[in-house]
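The values are calculated or read from the model by the stated rules, or taken from the named source; none is laboratory data. If you're wondering where the values come from, they're calculated on a predicted model, not measured in any experiment. No Cβ is skipped: glycine too gets one built from the backbone with ideal geometry, and neighbour counts run over all protein chains shown. Keep in mind that these areas ignore ligands, DNA and RNA; they rest on the heavy atoms of the full protein, side chains included. Shrake-Rupley method; radii C 1.70, N 1.55, O 1.52, S 1.80 Å.
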Amino acid sequence: MTTQPPLVAQSIGAPEHAPTLGEVALHLENVVYRYPSITNAPTSLLAAKIAPALAGVTLDVRRGEYVALLGHNGSGKSTLARLLNALLLPTSGHVYVLGHNTADRSEHRAIRDLVGMIFSDPDNQIVATIVEDDVAWGLAARGYPLAQVHARAEAAINAVGLSAHKRRAPNELSGGQRQRLAIAGVLALEPVCLIADEPTALLDPQARVEMLGLLHTLNRERGLTIIHVTHLLEEAALADRIVILERGRIVREGTPTEVFADLESLRSLKLIIPELGVLGERLRALGVDIPPDALTPQLFVAALERLEGHYRQTQHGGAQ
Amino acid sequence: MSIVVEHLSYIYNLGAPQEHVALRDVSLTIPDGVCAAIIGVTGSGKSTLTQHFNGLLLPTSGRVIVDGLDVTAKTTRPEHLLELRRRVGLLFQFPEAQLFAPTIADDVAFGPRQLRLKDKVVKERVRWALNAVALPTDTEFLARSPFALSGGQRRRVALAGVLAMRPLTLALDEPSAGLDAEAREEIYACLDDLRAREGVTLVIVSHDMSEVAHLADVIFALAGGELKLSGPPEEVFKRTDEILACGLLPPPLAQTVALAREHGLNVGAASDAPLTPDALAPALAASLGAEHAEYGLNGHRT
Ligand SMILES: Nc1ncnc2c1ncn2[C@@H]1O[C@H](COP(=O)(O)OP(=O)(O)OP(=O)(O)O)[C@@H](O)[C@H]1O
Ligand SMILES: Nc1ncnc2c1ncn2[C@@H]1O[C@H](COP(=O)(O)OP(=O)(O)OP(=O)(O)O)[C@@H](O)[C@H]1O
Ligand SMILES: [Mg+2]
Ligand SMILES: [Mg+2]
């Protein structure tokens, strides 16, 4: 049976605009995860000494929230992602998805429909030879009536902007389009939450921008809860909240403005500081007040314009 | 080792209904000791081209000559291909395709053992290569399965396996995708070192334009299987219209400078020097504050 997680529980780093967010969608309570038989060495003594992949993670994600999950290689991001849709079960602690406890196997079907997942390489997820069929496949496999399968598949294909390509073969699509197709397959199941594990890692720069735009549209317009795993601060800049893992623990949590205020500490967490972040740092050292979260060309230039206007005003004021 | 590509075309599933032209009449030269970057949107043919450099794919038509060795279908013999693979280390785009041994140690040692090196030398190479990709070398780690690792760690093990062969040409398909800052920096340092000390030739496929601008001496941009643009990064990234026509974007710094100019902001004179935060910051600060220098940058009279 399911136990309700405490709905009042709210993590410290909840975004300021919390009123627009719904109930707790994902609730992790002191989660520890240790991979079984990690070593080929004859003794299992060694295995016991290896630090767990997750070492006590407590986190609440509200419905409609966009969370960016960052951290060094091996920090536990993908492990956390897999715990959220019951692909992995916690060694200790609890994971709840809208009140369903992932430890309860009878809930797994429901949980996997509520929490969809996509990865860097969409090809592992593509099963059919026609775009439409690929999206319909998950629904058909779940025994939905044919009319509903078609309607939902169609809606999902439209939502990701692939309607012009629905009769094409997936292998004729670009990497970015195949990634959209993977998302459509997930959307067709009408999930509450989408977990995107490094969805842009293999995409070209334009496809990356488009993918980011799509994730934000799904979040803003459909209220889809998003957990976006990434190594890129510039991708995390638009999230409601950033969560940073280090060696299986949450070490930093807050809005992008809060988290980016201290780039030096992000460096020590082995995060990649984008060149615009470095440029901002250099400018601040020279007395120019560029905000630390201006990490895209658009945001950076907007900040420059504001400063320019400010300086011009100051000059007029001074000249009078 | 130089790489010469002449009128290379490659067609997947030749003659079948799913026939697909992935490369069309590509010609390019990568001189000895140079770092070349191959860029292009997904599906533009980067991996297909790169896989020709160690004979994993053979031209449908045209020629590929690596260090004087011909990779043309007609002339390729097994011993010839073996020699080619010794000279050219190829990192696959999907490292899972490259990992196979039961332990990390065996996986990285596989190449050096093929070279019939002494056990002691093989061990040294394994340690060196794992260090180069910022992975541990303790016994526990060496005994792990390469599949019991995170995505980034797997890519690093696959790269270590390629480096351990110490080939004179390295062709790396998206080596930094999914890597954290520490791994990237260690790997860049290692590649720099290999180039400086051994004159290694480097071919890097990457979607990260900042990285490309940083590392490459020369860039080749593919679109739809054709070579559309080539030249040094400073030059290529200035040709914004052509970059956009390839479906690409210039590096974020270059985009910022261009956008600032569009908005009528003075960002200093255009120069031929590569765009770096260090070079750009003083110019930007000066142009924002210079006219009002007497008021200082905080708006206070100095
Ligand atoms: N299948 C597995 N078996 C055993 N250990 C694993 C397995 N997958 C990951 N690990 C280990 O668990 C830890 C966390 O890995 P995880 O994949 O969650 O990291 P990550 O943050 O996603 O890293 P990356 O940025 O490289 O993708 C790492 O120490 C890793 O070596
Ligand atoms: N084994 C294959 N069989 C059929 N077509 C293929 C095969 N491999 C690649 N292709 C097709 O050839 C074209 C070029 O593919 P390639 O993998 O070289 O592109 P790429 O530039 O490396 O893309 P990405 O950035 O996504 O890695 C694509 O249209 C692709 O769909
Ligand atoms: Mg991962
Ligand atoms: Mg490729």
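Descriptive notes on the structure:
- Projecting the Cα atoms of B:Leu265, A:Ala239, A:Leu54 onto the charge dipole of the protein assembly as shown, computed from C-beta unit charges around the Cα centre, puts A:Leu54 farthest toward the positive end.
- Positive end of the dipole of region B:3-250 (Cβ unit charges, origin at the Cα centre): among B:Ser230, B:Leu170, B:Leu117, the Cα lying farthest that way belongs to B:Leu117.
- Per the accessible-area calculation with a 1.4 Å probe, the total area buried between chain B and chain A rounds to 4500 Å².
- In degrees, nearest ten, helix A:146-159 long axis to first principal axis of chain A (Cα): 20 degrees
- Between region A:260-320 and region B:109-160, the C-alpha centres lie 42 angstrom from each other.
- Highest-fluctuation residue, B:Thr276, B:Thr72, B:Thr60 considered, GNM on chain B with Cα pairs under 10 Å: B:Thr276
- Near the amide H of B:Ile204, within less than 5 Å, lie the amide hydrogens of B:Ala36, B:Ala37, B:Ile38, B:Leu172, all on another chain or at least 5 residues away, with H placed in the peptide plane.
- With eigenvalues of the C-alpha gyration tensor scaled by 5 and rooted, region B:32-79, Å: 21, 15, 8
- In sequence order, region A:219-229 has phi-based couplings of 5, 6, 8, 10, x, 5, 6, 10, 10, 10, 7 Hz under the Karplus curve 6.51 cos²θ - 1.76 cosθ + 1.60, θ = phi - 60°, and Gly or Pro positions carry x.
- Lysine pairs within the protein assembly as shown, Cα separation less than 25 Å, 8 or more sequence positions apart or different chains: 8
- Three-way shape call for region B:3-250 based on the alpha-carbon gyration tensor, with the a/c threshold at 1.5: prolate
- Solvent-accessible surface of protein heavy atoms, probed at 1.4 angstrom with all chains present, puts A:Val209, A:Val288, A:Val278 in the order A:Val209, A:Val278, A:Val288, largest first.
- Compared with the dominant principal axis of the Cα atoms in chain B, helix B:119-132 is inclined by about 20°.
- Crossing angle, helix B:277-289 versus chain B [Cα axis fit, 0-90 degrees, rounded to tens]: 10 degrees
- Å² per residue, accessible surface of the protein assembly as shown at 1.4 Å: 43 Å²
- Take every DSSP beta bridge whose two residues both sit in chain B; close to 55 percent of them are antiparallel.
- Pairs of Cα atoms nearer than 8 Å and 6+ residues apart set the relative contact order; for region B:1-92 it is 30 percent.
- Dipole of the protein assembly as shown, positive end: most advanced residue of B:Pro78, A:Ala81, B:Met209 [Cβ charges, Cα centre]: B:Pro78
- Here the accessible area is traced with a 1.4 Å probe on the protein chains. For region B:3-250, carbon and sulfur cover 53 percent of it.
- Listed residues B:Ala148, B:Ala101, B:Ala160, most fluctuating in chain B (Gaussian network, C-alpha, under 10 Å): B:Ala148
- Expected 222 nm ellipticity per residue - DSSP helices of 4 or more, -39500 (n - 2.57), all of chain B, to 500: -11000 deg cm²/dmol
- List B:Phe141, A:Phe119, ordered by accessible area with a 1.4 Å probe, largest first: A:Phe119, B:Phe141
- Table column - 3J(HN,Hα) (Hz), region A:199-211, Karplus curve with 6.51, -1.76, 1.60, x for Gly and Pro: x, 10, 4, 10, 9, 6, x, 5, 4, 4, 4, 5, 4
- Cα pair count fraction exceeding 18 Å, expressed as % - region B:194-255: 33 percent
- Length-normalised contact order for chain B - Cα pairs under 8 Å, 6+ apart - percent: 20 percent
- Scalar couplings 3J(HN,Hα) for region B:29-40, obtained by applying the Karplus form with A = 6.51, B = -1.76, C = 1.60 to θ = phi - 60°, are 10, 10, x, 3, x, 8, 9, 10, 10, 10, 10, x Hz; x denotes Gly and Pro.
- Rolling a 1.4 Å probe over the protein chains gives B:Phe92 an accessible area of about 60 Å².
- Helical mean residue ellipticity (222 nm; -39500 (n - 2.57) per DSSP H run of 4+; nearest 500) of chain A: -11500 deg cm²/dmol
- For the protein assembly as shown, the antiparallel share of DSSP beta bridges with both residues in that region comes to about 50%.
- Relative contact order, percent, chain A [alpha-carbon distance under 8 Å, six or more residues apart]: 20 percent
- Stokes-Einstein diffusion coefficient of the protein assembly as shown, Kirkwood radius over Cα pairs, 4 °C, 1.567 mPa s, in µm²/s: 49 µm²/s
- Counts of other chain beta carbons within 10 angstrom of each beta carbon in peptide B:134-141 average 2.
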